[in-house]
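Peer 1: Supplied in structure tokens, the structure appears directly below.
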Amino acid sequence: MAFEIEGITQIDVKELKETLKDNETIVIDIREHEEYVAAHIPGLPLIPMSEIIDVIDEFEKDRAYVLVCRSGRRSQETSKFFKMNEIDNVKNFSGGMLEWDEVIEVGEENIVKDVKDIY
């Protein structure tokens, strides 16, 4: 059930699964490269948190986003950064990969080189 922390909507694993089916919201893994390679949600693009600051202006401000990290802490902070940069429709997967209970993928499936590639 969605709830809010520090102005950011938090979603749980059930809500993330529904979001992944809608094809409207862009779900982004923001963990470090090594974490993503070791295990990630199939199909998710990777843009590490450390790189977001350099590309924030390339995100479409009118799109919906959900951010994913290991536990939900880094994705919460990154969601706040999105909002500070006028990207208001952003949510945090509050449990992070620790809560993900479906199939995972390993390897460099979807490493983003250009933000435009996520659209």
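Each value in this text was obtained by applying a stated rule to the coordinates, not by laboratory testing. On a predicted model such as this, the values are computed, not experimentally measured, just so you know. For neighbour counting, all protein chains shown are included, and Cβ atoms are generated from backbone atoms with ideal geometry for every residue, glycine included.
Peer 1: Could you list, in sequence order, all residues of the stretch 41-57 that are closer than 18 Å to Asn110 by Cα and not β-branched (Val, Ile, Thr)?
Peer 2: The answer is Pro42, Gly43, Leu44, Pro45, Leu46, Pro48, Met49, Ser50, Glu51.
Peer 1: Taking the stretch 1-47, which residues are among the β-branched types (Val, Ile, Thr), surrounded by fewer than 17 Cβ atoms within 10 Å (Cβ to Cβ) and under 24 Å from Lys116 (Cβ atoms)?
Peer 2: Val37
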